[in-house]
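Have a look at the structure below before the remarks.
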There are 4 protein chains.
Amino acid sequence: MYTCDIHQRIRYGETDQMGYVYYGRYAEFYEIGRTELIRLLGMTYRDLESQGILLPVVKMVARYYRPAAYDELITIRTILRSLPTARITFFYEIYNEAGDLINEAECQLVFTDSATRKPVRPPKDLLDALKPFFTSRVNS
Amino acid sequence: MYTCDIHQRIRYGETDQMGYVYYGRYAEFYEIGRTELIRLLGMTYRDLESQGILLPVVKMVARYYRPAAYDELITIRTILRSLPTARITFFYEIYNEAGDLINEAECQLVFTDSATRKPVRPPKDLLDALKPFFTSRVNS
Amino acid sequence: MYTCDIHQRIRYGETDQMGYVYYGRYAEFYEIGRTELIRLLGMTYRDLESQGILLPVVKMVARYYRPAAYDELITIRTILRSLPTARITFFYEIYNEAGDLINEAECQLVFTDSATRKPVRPPKDLLDALKPFFTSRVNS
Amino acid sequence: MYTCDIHQRIRYGETDQMGYVYYGRYAEFYEIGRTELIRLLGMTYRDLESQGILLPVVKMVARYYRPAAYDELITIRTILRSLPTARITFFYEIYNEAGDLINEAECQLVFTDSATRKPVRPPKDLLDALKPFFTSRVNS
């Protein structure tokens with residue numbers, strides 16, 4: 001398992017007239033989360049793109065438990081639960097300032113060649129950086 | 001079953017640097033779809049709110065099959081498959097100009113009292129407008 | 001002078017907790033306006049881009065007179081007051097359902113070569129389509 | 001003069017297919033800037049709202065000099081050049097990672113009573129916090 005926490009302050013423009021963050025804006029929080037998780041591994045999603053690899057989202061599941069309010073400082077926790085194949089699945093937990101779990105989500109993305117737009121294997125350096133966190137314990 | 005189709009032209013601001021609509025913007029398409037489905041029933045979501053009923057989203061599932069490009073005229077099909085209880089689930093199919101199914105989704109919302117923020121039963125006039133489309137056939 | 005009107009219904013996601021459209025979302029209305037003005041001339045902004053011409057915005061001025069509410073059907077009026085040079089300036093007037101002028105704006109864009117990112121002259125077919133609307137009256 | 005700097009990392013969802021931040025998204029940067037300037041004064045815009053004061057934007061002027069790219073860490077500088085009256089004008093300078101000035105802007109907002117929606121004087125504690133930075137030099 002590999003986990004990354006990042007904090008974000010809710011923008012006024014992210015709220016809607018219900019007085020809380022618009023449900024569609026959470027997708028940006030998930031995107032921020034995976035961007036930072038990849039940075040924590042010592043590379044950047046921006047570099048992946050410049051190497052010709054795109055990561056389009058193919059599936060998103062989001063569960064909204066409690067609202068998030070303007071100016072709150074939320075915590076976006078991004079979790080990798082398994083090594084990526086051609087697909088990579090990020091899991092998310094979002095917490096408000098009081099520490100309540102307000103949102104859970106899951107985003108599935110596909111490593112895609114930007115020229116052919118076909119699925120490809122994940123970059124070797126990404127896999128190498130992740131492997132230590134997923135190595136099965138070997139019993140003696 | 002109750003279905004509503006609405007067309008939308010993709011805005012430049014809805015695209016991202018991958019050259020297609022950003023995955024988070026589809027939530028607005030779903031919102032447009034259910035707004036129009038309710039209008040087709042002879043009422044408006046705006047009226048529901050002024051009657052003190054909010055409809056926060058509690059779950060969204062979205063599957064992205066193909067990208068949508070700037071200036072494309074997409075069709076948002078919104079489908080009710082069952083009568084609402086305190087929850088209402090809208091299903092979505094989005095088609096591009098060529099008629100390809102590019103996205104499928106499902107949004108679950110909860111009828112909520114705007115004062116108490118507690119779940120409530122759906123408004124009677126909404127149920128009455130929907131019932132004819134969900135009446136079970138009675139065998140003679 | 002060349003003018004184009006287009007209608008848009010306000011999305012829930014465009015409102016903020018003040019209960020009206022967020023001030024930053026008007027930029028999309030202006031973008032919709034100029035997209036439709038160009039279409040009315042018999043071409044598309046999408047075609048301009050595929051011919052290698054980008055139109056980045058270099059200046060925007062917006063004046064907010066009255067708020068726009070969720071589900072309102074606004075009218076976006078886009079006006080060209082002079083023939084474009086390397087720059088093109090679109091003027092905007094936005095009206096609510098009651099016919100009130102709620103917003104005025106101006107966006108300046110620069111015809112830019114997508115390869116060199118340098119300013120270029122506007123495409124000949126765009127100029128040709130516009131000229132009849134800007135020909136000075138010749139006194140006899 | 002009173003100044004506040006804040007850093008923001010560009011989100012993927014903020015870019016458009018031109019490959020840079022969409023011009024309409026800068027309004028959120030300006031909003032972040034003034035939120036932080038008010039916080040630096042020891043109060044919050046959120047508190048102003050809970051005291052019944054809204055701050056709708058009545059005018060925005062934005063000049064775009066250079067693009068901002070995904071994942072760049074920009075600096076939003078917010079500047080107050082004079083004490084607010086019923087109006088408050090924030091000036092903005094945005095810098096990219098290389099220190100280039102990429103954007104300048106100005107937003108005018110009106111202190112508004114949330115009940116009557118009429119302009120009001122700025123809150124006393126806001127004025128008191130700002131006055132030391134705007135006291136005129138007294139000649140001996």
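Taken together, the values in this text are just the output of simple stated rules run on the coordinates, not laboratory data. Note that the coordinates shown come from a computational prediction; the quantities given were computed from them, not determined experimentally. Reconstructed Cβ throughout: ideal geometry from the backbone, glycine too, with neighbour counts over all protein chains shown.
Let me confirm one metric for peptide D:26-37, namely the mean number of other chain beta-carbon atoms within 10 Å of its residues' beta-carbons. Intermediate values should be presented prior to the final figure.
On the way: counts 4, 10, 7, 3, 3, 8, 4, 0, 1, 6, 1, 0.
Mean shielding by partner chains, rounded to a whole number: 4.
Could you work out the relative contact order of the range B:1-131? I mean the mean sequence separation of Cα pairs under 8 Å and 6+ apart, divided by the number of residues, in percent. Before the final figure, lay out each step's value.
On the way: 253 pairs, mean separation 39.0, N = 131.
Computed value for the range B:1-131: 30 percent relative contact order.
Would you pull out the residues with amide H under 5 Å of B:VAL120's amide H, same chain only if 5 or more places away, H placed 1.01 Å from N?
B:PHE111, B:THR112, B:ASP113
With the cut-off at 25 Å, tell me which of the pairs C:LYS59/C:LYS118; C:LYS59/D:LYS124; D:LYS59/D:LYS118; C:LYS59/D:LYS59; A:LYS124/B:LYS59 have Cα atoms farther apart than that.
C:LYS59/D:LYS124; A:LYS124/B:LYS59
State to the nearest 20 debye the size of the charge dipole of the range A:5-140 about its Cα centre, where the only charges are +1 on K and R beta carbons and -1 on D and E beta carbons. Show your work: numbers first, answer last.
On the way: 18 positive and 18 negative charges, 137 e Å.
For the range A:5-140, the charge dipole is close to 660 debye.
Could you give me D for the range C:40-134, from Stokes-Einstein at 20 °C and 1.002 mPa s, where the hydrodynamic radius is the Kirkwood radius over C-alpha pairs? Units µm² s⁻¹, please. Write down the numbers at each step before the final one.
On the way: Rh = 14.9 Å.
So the translational diffusion coefficient is about 144 µm²/s.
Using the Cα gyration tensor of the protein assembly as shown, with a ≥ b ≥ c the square roots of its eigenvalues, what is the shape: rounded (a/c below 1.5), prolate (a/b larger than b/c) or oblate (neither)? Intermediate values should be presented prior to the final figure.
Working: a/c = 1.18, a/b = 1.15, b/c = 1.03.
Rounded is the answer for the protein assembly as shown, as its axis ratio a/c remains below 1.5.
Work from the charge dipole of the range B:2-132 (Cβ charges, +1 for Lys and Arg, -1 for Asp and Glu, about the Cα centre) and give the residue of B:GLY42, B:TYR22, B:ALA98 farthest towards its positive end.
About the Cα centre, the residue reaching furthest to the positive side is B:GLY42.
Relative to the other copies, what are the label-point distances for B:ASP100, with labels 7 Å from Cα along the C-beta vector, expressed in nm at one decimal and sorted shortest first?
Result, one decimal in nm: 3.6, 4.3, 4.5.
7 Å along Cα→Cβ for the label point: how many nanometres lie between B:TYR65 and each equivalent label in the other copies, listed shortest first?
3.4, 4.6, 4.9
Give the angle, between 0 and 90 degrees and rounded to the nearest 10, that separates the Cα long axis of helix B:26-40 from the longest principal axis of the Cα atoms of chain B.
Helix B:26-40 sits at roughly 40 degrees to that axis.
Among C:52-59, B:49-56, B:88-95, how do they line up by average Cβ neighbours within 10 Å per residue, starting with the highest?
Numbers: C:52-59: 17.8, B:49-56: 15.5, B:88-95: 20.1.
In descending order of packing, they fall as B:88-95, C:52-59, B:49-56.
What are the distances, in nm and sorted shortest first, from the label point of C:GLN51 to the label points of the same position in each other copy, with each label point placed 7 Å from Cα along the Cα-to-Cβ direction?
Ordered by increasing distance: 4.0, 5.3, 5.6 nm.
Just tell me how shielded D:102-111 is by partners: mean number of partner chain Cβ atoms within 10 Å of each residue's Cβ, no decimals. Write out the running numbers ahead of the final one.
On the way: counts 0, 0, 1, 1, 1, 2, 2, 2, 1, 0.
Neighbouring Cβ atoms belonging to other protein chains average 1 per residue here.
In what sequence, highest mean first, do B:128-134, D:28-34 appear when ranked by Cβ atoms within 10 angstrom? All intermediate terms of the calculation are to be shown ahead of the outcome.
Details: B:128-134: 12.9, D:28-34: 23.1.
Descending packing order for the listed peptides: D:28-34, B:128-134.
Is there a simple number for the mean count of other chain Cβ atoms within 10 Å of the Cβ of residues in B:61-69, and what is it?
Details: counts 6, 8, 6, 8, 1, 1, 2, 0, 2.
If you average over the peptide's residues, the count of other-chain Cβ atoms is 4.
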